[in-house]
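First up is the structure itself, then whatever we jot down about it.
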Amino acid sequence: MIIIWEGWGVLALYIYGVGGGAGYLIAGSTGAWIGMTLAAIATGLVGRLLNDEWKWDWDAEHSLYGIPMQYWGIIGIACEGWIFGLHQFAS
């Protein structure tokens, strides 16, 4: 898999990995869900701080796959909700 980033955009992957991994090690699958939620919030905040803008703008210095880092927090929350819903319906 090719990872395309600009600036510190790759940091989003590390934040999600550490958040989900630490949560899973502490409390299993529920902990992973909580850790990923906290990682999504942290990614959004760190992305906004790194890009030095609190407005919605696509001209960002720090991005992952062309998407500014602050948007990955929103994408992460949406994906987690979708996965959590699938998990609830499957069990």
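The values are calculated or read from the model by the stated rules, or taken from the named source; none is laboratory data. Quantities reported herein were computed from a predicted structural model and do not represent experimental measurements. We place every Cβ from the backbone using ideal geometry, glycine too, and count neighbours over all the protein chains shown. Areas reflect the complete protein model, heavy atoms only, side chains present, ligands, DNA and RNA absent. Shrake-Rupley method; radii C 1.70, N 1.55, O 1.52, S 1.80 Å.
Going by the structure shown, is W54 within 18 Å of I75 (Cα to Cα), over 9 Å from the mean Cα position of the chain (by Cα) and at pLDDT 90 or above? It is false that W54 is within 18 Å of I75 (Cα to Cα), over 9 Å from the mean Cα position of the chain (by Cα) and at pLDDT 90 or above. Entry remark, segment 24-33: residues being open to solvent by less than 100 Å² (accessible area, probe 1.4 Å) and at pLDDT 90 or above number 0 in total.
Scanning for something part of a loop (DSSP other than H, G, I, E, B), of a type outside the set (G, A, S) and open to solvent by less than 60 Å² (accessible area, probe 1.4 Å), does segment 49-56 turn up at least one residue? Yes; the residues of segment 49-56 include at least one that is part of a loop (DSSP other than H, G, I, E, B), of a type outside the set (G, A, S) and open to solvent by less than 60 Å² (accessible area, probe 1.4 Å).
The C-beta contact set for segment 1-28 (first residue touching a residue at least 12 places away in the same chain (Cβ under 8 Å), second residue aliphatic (A, V, I, L, M) and open to solvent by 100 Å² or more (accessible area, probe 1.4 Å), distance under 7 angstrom, 6+ apart or interchain) comprises G19/L38. Of the residues making up segment 9-21, at least one is of a type in the set (S, T, Y) and open to solvent by 50 Å² or more (accessible area, probe 1.4 Å).
Among the residues of segment 1-37, those that are under 24 Å from P68 (Cβ atoms) and hydroxyl-bearing (S, T, Y) comprise Y14, Y16, T37.
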